[in-house]
Amino acid sequence: MSMAYEEYMKQMVLPMREELTRAGFEELTTAEAVESFMGNVSGTSLVVVNSVCGCAAGLARPAATQAVLTSEKKPEHLVTVFAGQDKGATAKMREYFEGIEPSSPSMALIKDNKVVHFIPRHDIEGTSMEAIMENLKAAFEANC
């Protein structure tokens with residue numbers, strides 16, 4: 001891939017990254033960052049596997065941020081990896097989603113390094129943002 005293409009893509013996805021980081025999500029951009037986070041975290045974590053598709057922009061990111069902002073019970077940690085952009089980080093995070101097919105966008109609620117709730121792309125695409133928010137909030141209520 002050319003350097004011009006790489007730079008173009010970095011600039012194109014910047015607003016997509018910032019939508020989550022502005023809401024308090026920590027970006028994990030390398031496999032090492034994922035390993036470090038997962039090796040040292042306890043409690044509950046919401047992991048958003050971000051992507052450039054329309055269902056990430058119109059549904060997944062807004063639902064995740066609004067669920068966190070409006071829920072009484074919240075995960076202790078908010079992190080994100082970006083599929084198709086930070087490939088090593090995404091692949092490493094998916095190793096922790098044991099038995100779950102890769103899906104982007106997707107969201108995983110992890111408690112003590114085990115996935116306790118997972119929302120794959122097929123439960124995001126074609127679903128209302130409000131329904132996704134309620135799905136997340138119910139998972140927060142049950143696990144946080």
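Among the residues here, Glu125 qualifies as open to solvent by 50 Å² or more (accessible area, probe 1.4 Å) and in contact with a helix residue (DSSP H, G or I) (Cβ under 7 Å, 6 or more places away or on another chain).
How about the range 19-49: which of its residues are among the polar types (S, T, N, Q) and over 16 Å from Leu136 (Cα atoms)?
The answer is Thr21, Thr29, Thr30, Ser36, Asn40, Ser42.
On the basis of being within 15 Å of Phe37 (Cβ to Cβ) and open to solvent by 60 Å² or more (accessible area, probe 1.4 Å), does Glu95 make the cut? Yes. The single condition among (1) among the small types (Gly, Ala, Ser); (2) at pLDDT below 95; (3) open to solvent by 30 Å² or more (accessible area, probe 1.4 Å) that Ala138 does not satisfy is (2). Looking across the range 56-90, the residues that are part of a helix (DSSP H, G or I), over 16 Å from Glu125 (Cα atoms) and open to solvent by less than 50 Å² (accessible area, probe 1.4 Å) come down to Thr65, Ala67, Val68, Gly88, Ala89, Thr90. Taken together, Glu19, Glu7, Glu35 contain a single residue that is in a helix (DSSP H, G or I) and more than 17 Å from the chain's Cα centre (by Cα), which is Glu7. Give the range 33-55 a look and list any residue that's open to solvent by 80 Å² or more (accessible area, probe 1.4 Å) and either among the aromatic types (Phe, Trp, Tyr) or without any contact (Cβ under 8 Å) to a residue 24 or more places away in the chain (or both), or say none. Residue satisfying the conditions is Asn40 alone.
The values are calculated or read from the model by the stated rules, or taken from the named source; none is laboratory data. This one's a predicted model, so the numbers in the text were calculated from it and none came from an experiment. Reconstructed Cβ throughout: ideal geometry from the backbone, glycine too, with neighbour counts over all protein chains shown. Side chains included, ligands, DNA and RNA excluded: accessible areas come from the protein's heavy atoms. Shrake-Rupley method; radii C 1.70, N 1.55, O 1.52, S 1.80 Å.
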